[in-house]
Amino acid sequence: MAKTKKRYPLPFGRMLAGWAALLAVVGGVLLALLWGALEEYELSTPEHAILSLVELARGGDDEALAAAAGFEAQGPVTVESWAGAARAALADIPDDRDRLAFVKGEKQGDTVQYALAVDGTVSARFTLTAAQGGWKAAPALTALPDYTVSAPTGVTVSVNGFALDPADGTDSPAEGFADMGDAAPRVVSWTVSGLYAAPAVTAEQDGAACPVTRDDARHTAVAGMPEDEAGKAEASQFLETAAKQYAQFISEDVSFSQLAKLLYPDTALYKGLRGYYVGWYVTHTGVRFDDLKVENVAAVSPDAWTGDVSFTFVVTKPGLEDRTYPSQYHIAAIRQADGWKVVSLDVGAQEEAE
């Protein structure tokens, strides 16, 4: 008969240690799984998406920042201009997490609005979009008001490097020349929307650069023709002559028949001056033009120019004190085969100085 080996129970201490070791291993695994789950959850929260975007705004490049926010350039709205506006909007958010509070807002489909408060005051707003088990955060930026960009017909205009298509613009007579009808020089105007920063506007015609005047207060940019110093000098001289002739017509020193030689026919200006009564002016023996300036002379076509003329019109008479009249004129003129003609003339100050 075979003998059986006698088994002895493990000492209690060794058994307890074994269970403790097993529980430690299981607990470690569970803690690791829990930590991983918490970390994965943290990475999938809107707060993490917002803070990640803020961190990118501090140190990442423009392309990375735009990609993280889901922004794509469209036409003249460039990544660089958007990223600049995004960095500015997020610049005041501190690193100290304890100073931040996240306020959930309205939810629409896959998107939800969030506000980020710093020390209790909202500093930035975000649009969160559900994406791949997490969220994509984009700063809620306010675009600038629409810019109106205009240029003479035939001039190519680019906004932030994006060439504007004339077919997308509005064609109209150049300012001051509408009375010429179909013969008026033309300009094209575009409305540029969605810009986040003042745009870089350039213009050229046949490879020659054109001047551009940008007014960010009025959100406009106006392109001119390529520089033509000879044409500008000729136009400036005519604008001065026309302004002086007009002033002397009003003072009854020049007849309408004389002035009419400088006027484009059948315009509102021509018709208005033809019936203008000039007999009210003070009797005098001479006039002069003090502090004369010809400024802002610009072409809207090779033969169409505008400019501003100002001077103090002084009326003199022996034995009497001079009469002085501050005078300002904005004039649009066209060059024709028989010489220059005034198409329109807008009058500024024309009252006697104290």
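The values are calculated or read from the model by the stated rules, or taken from the named source; none is laboratory data. Every value quoted in this text rests on a predicted model; they were computed, and no experiment measured them. Cβ: placed from backbone, ideal geometry, glycine included. Neighbour counts: every protein chain shown.
Some values worked out for this structure:
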quantity	calculated
Failed condition for Ala91, given (1) surrounded by 14 or more Cβ atoms within 10 Å (Cβ to Cβ); (2) in contact with a Lys or Arg (Cβ under 9 Å, 6 or more places away or on another chain); (3) not aromatic (Phe, Trp, Tyr)	(1)
Only one of Arg335, Arg274 that is among the basic types (Lys, Arg), modelled with pLDDT of 95 or more and out of contact with any strand residue (DSSP E or B) (no Cβ under 7 Å at 6 or more places or on another chain)	Arg335
Boolean, Ala163 is over 27 Å from Ala332 (Cα atoms) and touching a helix residue (DSSP H, G or I) at 6+ places or on another chain (Cβ under 7 Å)	no
Hey, Ala233 surrounded by fewer than 15 Cβ atoms within 10 Å (Cβ to Cβ), outside any strand (DSSP E or B) and among the small types (Gly, Ala, Ser) or not	yes
Residue list for region 62-83, filter: more than 20 Å from the chain's Cα centre (by Cα), assigned to a helix (DSSP H, G or I) and among the small types (Gly, Ala, Ser)	Ala64, Ala66, Ala67, Ala68, Ala69
Qualifying residues in region 266-284 (those that are in a loop (DSSP other than H, G, I, E, B), of a type outside the set (A, V, I, L, M) and in contact (Cβ under 8 Å) with a residue 12 or more places away in the chain) - the one nearest to Thr306 (Cα to Cα)	Thr267
Matching option when the condition is farther than 30 Å from Val287 by Cα, small (Gly, Ala, Ser) and surrounded by fewer than 15 Cβ atoms within 10 Å (Cβ to Cβ), among Ala217, Ala268, Ala203	Ala217
Per-region count, region 130-168, residues among the small types (Gly, Ala, Ser) and under 30 Å from Val112 (Cβ atoms)	8
Scan of region 167-204 for residues that are more than 20 Å from Pro76 (Cα to Cα) and part of a strand (DSSP E or B), ordered by number	Asp171, Ser172, Pro173, Arg186, Val187
Residue within region 319-331 that is touching a strand residue (DSSP E or B) at 6+ places or on another chain (Cβ under 6 Å) and in a loop (DSSP other than H, G, I, E, B) present	yes
Region 163-182 - residue that is surrounded by 12 or more Cβ atoms within 10 Å (Cβ to Cβ) and of a type in the set (A, V, I, L, M, F, W, C) and, of those, farthest from Ala151 (Cα to Cα)	Met180
Criterion: acidic (Asp, Glu), modelled with pLDDT of 95 or more and under 20 Å from Ala178 (Cα atoms) - qualifying residue of Asp290, Asp308, Asp266	Asp308
Criterion violated by Tyr276 - all others in (1) closer than 30 Å to Pro185 by Cβ; (2) surrounded by fewer than 17 Cβ atoms within 10 Å (Cβ to Cβ); (3) in contact with a Lys or Arg (Cβ under 6 Å, 6 or more places away or on another chain) satisfied	(3)
Residues located in region 106-144, provided they are more than 30 Å from Ala198 (Cβ to Cβ) and either among the hydroxyl-bearing types (Ser, Thr, Tyr) or part of a strand (DSSP E or B) (or both)	Glu106, Lys107, Gln108, Val112, Ala130, Ala131, Gly134, Trp135
Identity of the residue in region 244-260, farther than 17 Å from Gly286 by Cα and touching a residue at least 12 places away in the same chain (Cβ under 8 Å), that ends up surrounded by the fewest Cβ atoms within 10 Å (Cβ to Cβ)	Gln258
Residues within region 204-245 that are hydroxyl-bearing (Ser, Thr, Tyr) and under 14 Å from Val294 (Cβ atoms), tallied	2
